[in-house]
Amino acid sequence: MRIKLGSKIGLTYLVIIFTVMLLFAYFTLLDIEQSFINERKNALLSYANIIAERAAPYLPEQDTAYLNYLAEDFGENIGHRVLIFDSNGIILGDSSGLNRGHKPTIPSVAASLQGESVSQTNRYPDFGRLLYLAVPVAAGQQIVGAIFISADINDIDMRLAQTRNRLLLVAAGSAVFAFLLSLLLARIITVPVARLTRAAAKMSAGDYGCQVKVGSRDELGQLAASFNEMSKKIQREDEFRRQFIADASHELRSPVASLKVLVESLLLKPPESKEETMEFLTDINGQLDRMSKLINDLLLLSKIEKNEASLNKEPVPIRQLLVEVKESLRPLAADKQIEITVTAGDGILWPADRDMLYRAVYNLADNAIKYSPANSQVQLIRTADEEKLAIRVKDQGIGIAHEHLGKLFTRFYRVDKARERATGGVGLGLSIVQEIVNLHGGQISVTSVPGCGTEFVINLPS
Ligand SMILES: Nc1ncnc2c1ncn2[C@@H]1O[C@H](COP(=O)(O)OP(=O)(O)O)[C@@H](O)[C@H]1O
Ligand SMILES: [Mg+2]
């Protein structure tokens, strides 16, 4: 059976409070009983002593009339049975008048005829509880008799029972109160927990981004805040992924469509000349290049995305790396009579993943050439101090309008979609650069003046 958290807490409090109250009541009752009995005992003791004092002169001469009167008088006064014994243990005065002249064997009387004061309580099935008290009667050095009082103390039991009932009532009352209060407390805890549970269930069912409202600022409030944060992040991530897949498929569709058109027209009407065949094959090859570039970029992105651990860091000779980029782009640059210059001082080594860094600089330089007019210059410049390395890629190209700068590093973002699809770019180059730089713990920035040129700067920490 599933017991709710609230009931568990409530029942626990109930049991704890009730047990504690019962123990408290038990020991309190014991104390009260003892003090009641002591009080009664002391009162009777002082009466007994007074009787003893009065009786002392009359005991040696066995003045039974007076002693009897004494017993009756006090017995009536205090409401208990009073017996006056002589030194032989014979009753000379009896407040009830029943046992005069008898010689009963009462151990406490025998003890007080030896000089002791004795008291004791006893419980009888017929009378209930009785308190016995016996004191010696002394005349000078001699013990001339004993006073015996037997008192019915059932009233003490009654008062104890009353107190016990009252304590039980208080115990039960406070246990119930604690139970209700803890139910309330549990609600304060379980309501937000239930909300969180529902939200988590919603999220696992795919409803990302759902938010939990918890007003408090305590631990539960913090938990809810973290949950909301996480939920939003997952939602963003999810949207990002959907968008990414949609964009990637979209980009793949256009080369596939072109290929389809080319191949269909070949099937419909096979080329007659060798030139025509070559023309078709060149077009097909171009589309395949485009697809393979896109797929390579996508694979690279997913590789970079994994984590920093995928970085293969080593001391990289930066100057050499820039020269390699220049060399591999030479044919592209030569087509447009663009001059690439490398400005880098001594052979500095910097910790980085060589292939990745190469890829980043290559992408920037590739863009610089692509978006520059003929007969211009592209500069690859390296500056460095102890903690920071900067690689600048500067061109004299068309530049980028201010409003595009913010979105430039977004995946599939292109300034001029129509034209750049023709140039073969899909808009993944800069986002790859940014991922690589971030993975190295660095930053990338861009400044541009439309019509004049653009400069990208990669900053890497050591
Ligand atoms: N050096 C540059 N000069 C002008 N525009 C640039 C330059 N570099 C990038 N861009 C703009 O930024 C867009 C995104 O670049 P990138 O991510 O490399 O995609 P692409 O695949 O189109 O090259 C490009 O389409 C282009 O419009
Ligand atoms: Mg590019």
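The values are calculated or read from the model by the stated rules, or taken from the named source; none is laboratory data. Computed from a predicted structure; not experimentally measured. Glycine also receives a Cβ, built like all others from the backbone with ideal geometry; neighbour counts cover every protein chain displayed. Side chains are part of the model used for accessible areas, which takes the heavy atoms of the whole protein and leaves out ligands, DNA and RNA. Shrake-Rupley method; radii C 1.70, N 1.55, O 1.52, S 1.80 Å.
Structure summary
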| read-out | value |
| --- | --- |
| GLY441 vs. criteria closer than 21 Å to LYS336 by Cα, more than 13 Å from ligand 2 (Cβ to nearest atom), part of a loop (DSSP other than H, G, I, E, B) and assigned by TED's automatic domain parsing to the domain that holds PRO317 | no |
| Region 290-305, residues that are farther than 18 Å from ARG354 by Cα and touching a Gly at 6+ places or on another chain (Cβ under 8 Å) | ARG290, LYS293 |
| So ASP355, is it open to solvent by 60 Å² or more (accessible area, probe 1.4 Å) and touching a residue at least 24 places away in the same chain (Cβ under 8 Å) | yes |
| Failed criterion for SER119 (all others in (1) in contact with a Leu (Cβ under 7 Å, 6 or more places away or on another chain); (2) closer than 30 Å to MET21 by Cβ hold) | (2) |
| Odd one out for GLN287, checked against (1) in contact (Cβ under 8 Å) with a residue 40 or more places away in the chain; (2) touching a Ser or Thr at 6+ places or on another chain (Cβ under 7 Å); (3) not assigned by TED's automatic domain parsing to the domain that holds SER431 | (1) |
| Set GLY397, GLY406: member being surrounded by fewer than 16 Cβ atoms within 10 Å (Cβ to Cβ) and either in contact with a Leu (Cβ under 6 Å, 6 or more places away or on another chain) or not hydroxyl-bearing (Ser, Thr, Tyr) (or both) | GLY406 |
| Residues (of a type in the set (A, V, I, L, M, F, W, C) and either within 12 Å of ligand 1 (Cβ to nearest atom) or at pLDDT 95 or above (or both)) located in region 438-462 | ILE444, VAL446, VAL449, CYS452, PHE456, VAL457, ILE458 |
| Enumeration of residues in region 360-419 that are more than 8 Å from ligand 1 (Cβ to nearest atom), farther than 26 Å from LEU298 by Cα, among the aliphatic types (A, V, I, L, M) and more than 54 Å from the chain's Cα centre (by Cα) | ALA374, VAL378 |
| Test: residue in region 186-205 that is surrounded by 12 or more Cβ atoms within 10 Å (Cβ to Cβ) and over 20 Å from the mean Cα position of the chain (by Cα) | yes |
| Subset tally (residues that are of a type in the set (Gly, Ala, Ser), at pLDDT 90 or above and open to solvent by 40 Å² or more (accessible area, probe 1.4 Å)) for region 214-250 | 4 |
| Every residue from region 449-462 that is in contact with a helix residue (DSSP H, G or I) (Cβ under 7 Å, 6 or more places away or on another chain) and surrounded by fewer than 22 Cβ atoms within 10 Å (Cβ to Cβ) | none |
| Segments classed as helices (runs of 4 or more DSSP H), wholly inside region 1-116, with at least 2 members that are open to solvent by 60 Å² or more (accessible area, probe 1.4 Å) | 5-55, 64-78 |
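Every residue, every condition in (1) in contact with a strand residue (DSSP E or B) (Cβ under 6 Å, 6 or more places away or on another chain); (2) in the same structural domain as ALA52 (by TED's automatic domain parsing); (3) modelled with pLDDT of 90 or more, yes or no:
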{"position": "ASN99", "(1), (2), (3)": "yes, yes, no"}
{"position": "PRO104", "(1), (2), (3)": "no, yes, yes"}
{"position": "ALA111", "(1), (2), (3)": "yes, yes, yes"}
{"position": "GLN114", "(1), (2), (3)": "no, yes, yes"}
{"position": "GLN120", "(1), (2), (3)": "yes, yes, yes"}
{"position": "PHE127", "(1), (2), (3)": "no, yes, no"}
{"position": "LEU130", "(1), (2), (3)": "yes, yes, yes"}
{"position": "GLN141", "(1), (2), (3)": "no, yes, no"}
{"position": "PHE148", "(1), (2), (3)": "yes, yes, yes"}
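Matching residues to (1) more than 60 Å from the chain's Cα centre (by Cα); (2) open to solvent by 20 Å² or more (accessible area, probe 1.4 Å); (3) under 28 Å from PRO57 (Cβ atoms); (4) of a type outside the set (Lys, Arg):
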position: SER119; (1), (2), (3), (4): yes, yes, yes, yes
position: ASN122; (1), (2), (3), (4): yes, yes, no, yes
position: PRO125; (1), (2), (3), (4): yes, yes, no, yes
position: TYR132; (1), (2), (3), (4): yes, yes, yes, yes
position: PRO136; (1), (2), (3), (4): yes, yes, yes, yes
position: GLN141; (1), (2), (3), (4): yes, yes, yes, yes
position: ALA146; (1), (2), (3), (4): yes, no, yes, yes
position: SER150; (1), (2), (3), (4): yes, yes, yes, yes
position: ILE156; (1), (2), (3), (4): no, no, no, yes
